[in-house]
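Below: the structure, in structure tokens.
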Amino acid sequence: MAHIDQDVAAAGALVTESQERGLQRELREWAHPFQEERGDGKVLGDRELCDRLAAAVSRWVIDAALLGDTQNLHEGLETLRSAYVRLPAVGDTARAEAQVTALMEVMRAALDRARQAELEDTLDPGTRAAMMLALIDEMPGITSTEVKDKLGTDDSQISRSGRALAERGLVIKTRHGMERRWRTTPRGAVAARKLKQRSSAREHAGASAS
């Protein structure tokens, strides 16, 4: 069974690598016209080309975001930024400049989410922060005092763990009078489920090894 699991994991890694290479190839293709444009509209002054490029980049961003490919998203964003500084917002390049501006915002958001997802995947299920996230997901609106009591920790630890989770966009803290209450964001709820699955898998692996 272990060999089968390893084979499946290896196959999954090969698929991901192939997809990433495909993204790199597509990035080079759609980046070329942006790199060729020098700001005079000789390339991106063509409205039809601009629309095709915008559609191609939009599809590419969706694929990269679904894969959580931070490296390609970062390179794509830098490509657009480089083009943006050369595109006047008037004349023949006005349409291209507007499209690049919109695409940069979408790509920046996709990159931020992908980076946050990386952090979620590296969060150790055994840490206080992970246990706090799971507890908040199970008990929406739980107070800091209740979290402290259930985890058997102190205020400073709750503050540190809560801040780390909030900075990752996984939880929201609200104040009700003198008390602070916690809830998971939609992404936090997904992260909590992932942690539970990883924790269960770790326990299962430990039981199998023994």
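The values are calculated or read from the model by the stated rules, or taken from the named source; none is laboratory data. Model, not experiment: these values are computed from the prediction. Here Cβ is always computed from backbone atoms with ideal geometry, including for glycine, and neighbour counts include all displayed protein chains. Each accessible area value is taken on the protein alone, full model and side chains, heavy atoms only, with ligands, DNA and RNA left out. Shrake-Rupley method; radii C 1.70, N 1.55, O 1.52, S 1.80 Å.
Of note:
- Centre separation in Å (Cα based) which lies between the stretch 126-163 and the stretch 79-122: 37 Å
- The residues of the chain expose on average 59 square angstrom of accessible surface per residue, using a 1.4 Å probe on protein heavy atoms.
- Assuming charge only on the beta carbon of Lys and Arg (+1) and of Asp and Glu (-1), the dipole of the stretch 67-148 about its Cα centre is about 300 debye to the nearest 20.
- About its Cα centre, the dipole of the chain is roughly 760 debye, where the only charges are +1 on Lys and Arg Cβ and -1 on Asp and Glu Cβ.
- Choice from Gly177, Gly188, Gly68 showing the highest fluctuation, given a GNM over the chain with Cα pairs closer than 10 Å: Gly177
- Residue (of Ile136, Ala192, Gly91) at the positive-pole extreme of the chain, dipole from beta-carbon charges: Ile136
- Note on the chain: GNM, Cα springs under 10 Å; of Glu20, Glu118, Glu146, the largest mean-square fluctuation is that of Glu146.
- P(r) tail fraction, the chain - alpha-carbon pairs more than 32 Å apart, %: 41 percent
- Share of carbon and sulfur in the accessible heavy-atom surface of the chain [1.4 Å probe, %]: 52 percent
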